[in-house]
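The values are calculated or read from the model by the stated rules, or taken from the named source; none is laboratory data. If you're wondering where the values come from, they're calculated on a predicted model, not measured in any experiment. Cβ sites come from the backbone with ideal geometry, for glycine too, and all protein chains shown count toward neighbours. Ligands, DNA and RNA are excluded from the accessible area calculation, which covers all protein heavy atoms including side chains. Shrake-Rupley method; radii C 1.70, N 1.55, O 1.52, S 1.80 Å.
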Amino acid sequence: MTWLCERLKTVRSRPDDGSALVLAMVFLMIFGAWIGVVLQFAATGQDITGSVRAEATNTYSGGGALDGAINAA
């Protein structure tokens, strides 16, 4: 049990200089990864919006042509 008490005294007596740098680096790594994921989702959303808009235009154009043909008949 004495080795445990000695170890606790050693750990408690150590200065915590430099721990803020480690915490800042961890925060920046996590935040940077999160920003990368969010930007990737935004880019994917913009690509999908263009595809959906083109598909909707084609669908409405075909429906309008069909209605026009029915009305002309």
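For the chain, with every protein chain kept in place, what is the accessible area per residue (1.4 Å probe, Å²)? Before the final figure, lay out the partial values.
Details: 6630 Å² over 73 residues.
It amounts to 91 Å² per residue over the chain.
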### Residue-span extension gain [ALA65 to TRP3] - 0.36 nm each, minus C-alpha spacing
13.5 nm
### Summary
The Kirkwood hydrodynamic radius of the chain, taken as the inverse of the mean 1/r over all distinct Cα pairs, in Å, comes to 18.6 Å
### Task
Provide the FRET efficiency to the nearest 0.05 for the THR57-ILE35 pair, computing r from the beta carbons and using R0 = 35 Å.
0.55
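Where does the chain land at 222 nm, in deg cm²/dmol rounded to the nearest 500, when only DSSP H runs of n ≥ 4 count, each adding -39500 (n - 2.57), divided by all residues?
Details: 2 runs with 66 residues, N = 73.
That comes out to -33000 deg cm²/dmol.
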